[in-house]
Amino acid sequence: SSLGESYSSLIENNFVQATEYPQTGFSLSVDRASYSNIRRFLSNEMNVPTDAVRIEEMLNYFDLRISQNITDPRKFSCISTLTSCPWNKENNLLFINLTAPKLNLDTIPPSNLVFLIDVSGSMERPNRLPLLQSAFKLLVENLRAKDTISIVTYGGGVAIRLSATSGSEKAKINNLIDSLYADGDTPGEGAIRTAYYMAKRSFIKNGNNRIILATDGDFNVGQTSEKELDELVSTQRQSGIYLTCIGVGMGNYKDSKLETLAKKGNGNFAYLDNVKEAEKVLVQEFTKTIYTVANDVFLNVDFNPAIVKEYRLIGYDNKKDAIIDSSSELEGGEIGSGHNVLAIFEIIPQSKSSDTSLLLAK
């Protein structure tokens with residue numbers, strides 16, 4: 001991006017011959033950062049970087065949960081819909097809507113949360129640290145006495161600002177958040193290591209253990225490349241500690257780094273362009289953001305070659321770096337409580353007379 005922002009380079013999915021590959025599988029994603037990030041560009045009457053457009057995240061931004069015909073709310077539900085393709089009348093669009101079970105608030109396990117907050121000099125602007133301070137204070141209002149909060153900051157150095165503290169001590173936590181100010185460089189590597197240390201020190205067995213990293217993503221001290229950050233977080237993925245990333249800012253925003261961290265950290269990724277978005281992510285969708293109900297989730301779809309000639313998945317595009325690295329491992333996604341995930345296929349039927357209603361059979 002001409003602004004100095006960075007995004008993962010995408011390669012759009014091509015059509016696949018159903019006779020050769022009747023089954024396709026892909027890792028589900030519940031991230032929704034792309035939608036609010038694109039809105040930021042449009043609100044400022046700016047061109048949107050091509051690689052900032054991730055179709056699956058724009059679809060997942062909306063709440064399209066299945067409400068009817070759910071026999072067991074503790075299980076996943078799935079519906080499919082077939083419709084015409086608006087840009088090619090000869091083709092069809094197949095929508096698959098998967099809804100995750102929603103946890104009962106009374107039965108949600110205790111949380112061990114570590115707020116990892118970037119307070120470096122680049123975070124001084126109103127749409128960065130001040131926005132995050134408002135966002136975290138909104139989240140604190142949802143905490144219970146059995147939940148614990150630790151706060152680690154990094155800016156000119158790494159500091160443990162608050163050791164594990166009960167969620168009932170809201171005034172103490174909020175006062176600490178209000179006292180933060182921006183200054184110094186960005187030692188992200190050391191901060192991430194410290195956050196995992198704090199999360200492990202107050203680890204809750206059978207609880208929800210999660211780091212929430214909030215930053216513009218501009219790491220400039222220690223390990224800074226996507227590959228180095230990938231390796232750093234991947235070593236922690238078996239710890240049972242999830243990593244949620246929240247991006248803010250404009251100009252030097254590093255979307256590609258936060259996307260990598262969230263994926264490798266078994267977490268999710270959101271972008272806050274204003275306080276309303278912070279309220280949506282951390283209050284209205286609190287359980288979606290904070291509580292995972294399924295790990296390493298894939299979706300497999302079978303097509304009948306007698307009916308389907310070709311198909312292509314819209315969104316979930318390949319990353320150029322992943323294609324180049326033949327040793328990279330395909331990883332499933334982590335699904336939060338009550339999340340709904342939408343996948344869309346464009347389909348070329350074998351003929352106009354094909355009974356495409358059979359597509360919905362499986």
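Every number here is computed from the coordinates shown, using simple stated rules; none is lab data. In this text the structure is predicted, and so the values were computed from the model without any measurement. Cβ: placed from backbone, ideal geometry, glycine included. Neighbour counts: every protein chain shown.
Note on segment 1-139: Rg/Rh from Cα positions, Kirkwood definition for Rh, rounded to two decimals, is 1.02.
Take the Cα gyration tensor of segment 114-269, multiply each eigenvalue by 5, square-root it, and list the three semi-axes largest first, rounded to whole angstrom.
Numbers: eigenvalues 95, 76, 33 Å².
Ellipsoid half-lengths, sorted descending, are 22, 20, 13 Å.
Amide hydrogen proximity for N112: with H placed 1.01 Å from N in the peptide plane, the residues at 5 or more positions away or on another chain lying under 5 Å are T148, N208, N209, R210.
The GNM of the chain, with springs linking C-alpha atoms under 10 angstrom apart, assigns the highest mean-square fluctuation among D296, D218, D106 to D106. Diffusion of the chain by Stokes-Einstein, at 37 °C in a medium of 0.692 mPa s and with Rh set to the Kirkwood radius over alpha-carbon pairs, works out to 153 µm²/s. Cross-link partners for K170 among the aspartates and glutamates, with Cα-Cα distance under 13 Å and sequence neighbours closer than 8 places in the same chain left out: E141, D147, D178. Site pair I160 and F95 shows an inter-label distance of 5.0 nm when each label is modelled 7 Å from Cα along Cα→Cβ. Most fluctuating residue of S134, S77, S179 in a GNM of the chain with Cα springs under 10 Å: which is it? With Cα springs under 10 Å in the chain, the top fluctuation among S134, S77, S179 is at S179. Each principal axis of the Cα cloud of segment 68-168 was evaluated for its coordinate range; sorted largest first, these ranges are 58, 37, 19 Å. The P(r) of segment 191-274 has a tail past 17 Å containing 44 percent of all C-alpha pairs. What FRET efficiency comes out for N14 versus K146 if R0 is 45 angstrom and r is the Cβ-Cβ distance? Round to the nearest 0.05. E between N14 and K146, to the nearest 0.05, is 0.35. At q = 0.15, 0.22, 0.23 Å⁻¹ the log10 of I(q)/I(0) for segment 220-315 amounts to -0.78, -1.17, -1.22, computed by Debye summation with a single uniform scatterer per C-alpha, solvent ignored.
Over segment 1-61, the hull volume per residue, using the convex hull of the C-alpha atoms, is 105 Å³. Springs join every pair of Cα atoms under 10 Å in this Gaussian network model of the chain, and among T107, T260, T99 the largest mean-square fluctuation is at T107. Applying both filters, DSSP loop and at most 16 other Cβ atoms within 10 Å, to the chymotrypsin sites (Phe, Trp or Tyr not before Pro) of segment 9-53 gives F15.
Run the paramagnetic zone check for S80: 7 angstrom along Cα to Cβ, then residues of segment 92-110 with backbone nitrogen under 11 Å. Under cut-off, by backbone N: 94-97.
If you restrict to DSSP beta bridges whose two residues both lie in the chain, what percentage is antiparallel, to the nearest 5?
Antiparallel: roughly 60 percent of the beta bridges in the chain.
For segment 284-291, the Karplus equation 6.51 cos²θ - 1.76 cosθ + 1.60, evaluated at θ = phi - 60°, returns couplings of 4, 10, 3, 6, 4, 6, 9, 10 Hz by residue, with Gly and Pro reported as x. Computed on the chain, with alpha-carbon pairs under 8 angstrom and 6+ residues apart, the relative contact order is 29 percent.
Pairs K205/K280; K102/K280; K205/K263; K172/K288: which exceed 21 Å Cα-Cα? The pairs that break the limit, which is 21 Å between Cα atoms, are K205/K280; K205/K263; K172/K288.
What full-extension length gain, to one decimal in nm, is calculated for L64 and E231 as 0.36 nm per residue of separation minus the Cα-Cα distance? My answer for the length gained is 56.6 nm.
Within a straight-line Cα-Cα reach of under 25 Å, K89 can be paired with the following lysines, leaving aside sequence neighbours fewer than 8 residues apart in one chain: K309, K352, K362.
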